[in-house]
Amino acid sequence: MTAQMVLSFSIWLALVVLCVSFLMTVWRVIKGPTLPDRVVALDMLTGIVIGFIALIAIRTGFTLYIDIAISLGLVGFLATVAFARFVLSRGGREGPPGETAKAEMIKALAAPVPETRRSPRKKPATGTGPAVRRKAKK
Amino acid sequence: MIDGFLALLTAFLVLSGAGFALAAAIGLNRLPDLYTRMHAASKAGTVGSGLLLLAVGVHAGDLPTFARALAGFFFFVLTAPISAHLLAMAAHRVGYPLHAESVRDEMKDYDKRI
């Protein structure tokens with residue numbers, strides 16, 4: 001059993017293990033009761049995909065994949081920071097655990113349309129336009 | 001000889017990285033609340049992907065590739081705590097609760113102090 005055979009077998013084993021952990025993380029994304037749980041799981045998902053990219057880089061021998069992995073890590077970091085800001089600005093609006101998204105959607109659909117326009121302004125008896133001013137001069 | 005040694009080292013790094021990723025995924029599913037899940041995802045998950053990147057650098061066997069892989073590893077190690085800390089702070093300030101068995105919340109009156 002040469003070293004290359006050991007390497008190829010361990011890459012296969014690592015692919016299988018990464019697949020299992022990917023599926024478990026997806027399960028947390030689906031199940032996670034709150035939004036930050038899902039964000040943490042998505043961050044973890046990015047890390048696992050970086051691991052997949054590294055394994056493919058070893059198998060094919062293209063070292064260019066390292067740059068792709070680094071840029072994916074950068075995107076994942078920025079996405080997590082943006083989600084943290086979103087969690088902060090959204091506040092703790094959370095329904096009963098389990099049907100959060102559905103409850104949010106129902107609440108958003110059932111809420112009355114906010115009144116944006118103010119009540120119509122009464123027209124002043126005497127305008128201030130140029131024609132009125134001209135008339136007043138006369 | 002040296003090729004065989006590098007291949008064995010790569011195999012070890014690949015297997016340990018995948019093991020760390022699996023541990024992180026198990027922790028993500030088994031731990032009770034958001035703040036403890038964050039430990040698993042941001043420590044073990046980062047080490048897992050970092051070790052796999054290092055394996056690419058070791059397998060390539062030349063210095064520029066290894067330096068790039070090392071730079072990627074340090075990038076992940078630097079950014080993961082920042083994002084995890086930011087998310088934990090946002091979730092805590094908004095008011096997501098700790099698990100009932102948590103013994104201590106040192107940031108309970110953080111908002112009052114500032």
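Leaving out ligands and nucleic acids, note down the accessible area per residue over region B:40-82 with a 1.4 angstrom probe, in whole Å².
Numbers: 1770 Å² over 43 residues.
Here the residues of region B:40-82 average 41 Å² of exposed surface.
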Original post:
In whole percent, how big is the carbon plus sulfur part of the accessible area of chain B, probe 1.4 Å, protein atoms only?
Top reply: 69
Subject >> Whole-angstrom gap from region B:1-36 to region B:43-114, using each part's C-alpha centre >> reply: 16
Original post:
For the pair A and B, how large is the buried accessible area, both sides, in square angstrom to the nearest 100, if the probe is 1.4 Å?
Top reply: 4000
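Take peptide B:30-43, look around each residue's Cβ out to 10 angstrom, count Cβ atoms belonging to other protein chains, and average those counts. Don't skip to the end; give the middle numbers.
Details: counts 1, 0, 0, 3, 8, 2, 0, 7, 6, 1, 2, 11, 5, 0.
Per-residue shielding by partner chains comes out at 3.
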Subject >> Under 5 Å, built H, 5+ apart or other chain: amide partners of A:Phe62 >> reply: none
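Can you tell me the accessible area per residue over region A:1-95, all protein chains present, probe 1.4 angstrom, in square angstrom? Kindly include the intermediate steps, with their values, before the conclusion.
On the way: 4710 Å² over 95 residues.
With all protein chains present, region A:1-95 gives 50 Å² per residue.
The values are calculated or read from the model by the stated rules, or taken from the named source; none is laboratory data. All values derive from a computational prediction rather than experimental measurement. Neighbour counts are summed over all protein chains in view; Cβ atoms, including those assigned to glycine, are modelled from backbone coordinates with ideal geometry. The protein model used for the area step is the full one, side chains on, heavy atoms only, and it has no ligands, DNA or RNA in it. Shrake-Rupley method; radii C 1.70, N 1.55, O 1.52, S 1.80 Å.
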